[in-house]
1. Need the failing condition index for residue 101 against (1) touching a helix residue (DSSP H, G or I) at 6+ places or on another chain (Cβ under 6 Å); (2) at positive phi, just the number.
2. What do you reckon, is residue 119 touching a strand residue (DSSP E or B) at 6+ places or on another chain (Cβ under 6 Å), closer than 17 Å to residue 134 by Cα and surrounded by fewer than 22 Cβ atoms within 10 Å (Cβ to Cβ)?
3. Looking at the structure I just gave you, is residue 53 assigned to a strand (DSSP E or B), free of Cβ contacts under 8 Å to residues at least 40 places away in the same chain, out of contact with any helix residue (DSSP H, G or I) (no Cβ under 6 Å at 6 or more places or on another chain) and under 22 Å from residue 194 (Cα atoms)?
4. Looking at (1) farther than 15 Å from residue 9 by Cβ; (2) assigned to a loop (DSSP other than H, G, I, E, B); (3) touching a residue at least 40 places away in the same chain (Cβ under 8 Å), which one does residue 67 not meet, given that it meets all the others?
5. Which of the following residues is closer than 21 Å to residue 110 by Cα and touching a strand residue (DSSP E or B) at 6+ places or on another chain (Cβ under 9 Å): 23, 15, 35?
6. Kindly indicate whether residue 59 is at pLDDT below 95, out of contact with any helix residue (DSSP H, G or I) (no Cβ under 7 Å at 6 or more places or on another chain) and farther than 30 Å from residue 148 by Cβ.
7. Can you find a residue in the range 5-15 that is out of contact with any helix residue (DSSP H, G or I) (no Cβ under 7 Å at 6 or more places or on another chain) and under 23 Å from residue 160 (Cβ atoms)?
8. Can you tell me which condition residue 40 does not meet? The list is (1) touching a strand residue (DSSP E or B) at 6+ places or on another chain (Cβ under 7 Å); (2) outside any helix (DSSP H, G or I); (3) at negative phi; (4) touching a residue at least 60 places away in the same chain (Cβ under 8 Å), and all the others hold.
């Protein structure tokens, strides 16, 4: 498993956008809509293979009839770094090893095709700090299509009261020295290099 992208969620897309742009001092590019879950997003390159999305419920979309991913249905309060998404080569094998990740759901946006493990309840386990698993189909990926904003992920802090247990659960599958598991109230925080220096996004 390797980091694919980060998701900053807000009660509105405008709120999520403002949160990212205030924290990092950059402007996000156009994204799109996800018909399956009734959401929409804007995107920021974090390099050739990684990116960040600001995401929220799409007010023009019909109710999806199932809980939305990333726990967006229950999101309240200010916008925040809500999820980290890791890329896997074989989603079925990854879900077999980590069944709490959810079930594989086929998704698409434009010419992009992917499958993601989404829990039945929508929200990710381990109080929302467990990574979402994604498998891209074909070679199309959002990151190389985005303008280079000179932003790069330097580190990701995953906070959880039983941080050692979470690290042990993911350890056999995840090898990225940028990910740090820290004991504390559940949450995520990223250190991102920007043209104005390293900024913290939480």
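The values are calculated or read from the model by the stated rules, or taken from the named source; none is laboratory data. Given the structure is predicted, the values throughout are model-derived calculations rather than measurements. Don't worry about glycine lacking a Cβ; one is built from the backbone with ideal geometry, like all the others, and counts go over all protein chains shown.
1. Unmet condition: (2).
2. In short, no.
3. It is false that residue 53 is assigned to a strand (DSSP E or B), free of Cβ contacts under 8 Å to residues at least 40 places away in the same chain, out of contact with any helix residue (DSSP H, G or I) (no Cβ under 6 Å at 6 or more places or on another chain) and under 22 Å from residue 194 (Cα atoms).
4. Only one criterion in (1) farther than 15 Å from residue 9 by Cβ; (2) assigned to a loop (DSSP other than H, G, I, E, B); (3) touching a residue at least 40 places away in the same chain (Cβ under 8 Å) is unmet by residue 67, namely (1).
5. 35
6. no
7. Taking the range 5-15 as the starting set, the residues that turn out to be out of contact with any helix residue (DSSP H, G or I) (no Cβ under 7 Å at 6 or more places or on another chain) are 5-6, 11-15.
Then keep just the ones that are under 23 Å from residue 160 (Cβ atoms); that gives 5-6.
The answer is yes; a qualifying residue exists.
8. With (1) touching a strand residue (DSSP E or B) at 6+ places or on another chain (Cβ under 7 Å); (2) outside any helix (DSSP H, G or I); (3) at negative phi; (4) touching a residue at least 60 places away in the same chain (Cβ under 8 Å) applied to residue 40, the lone miss is (4).
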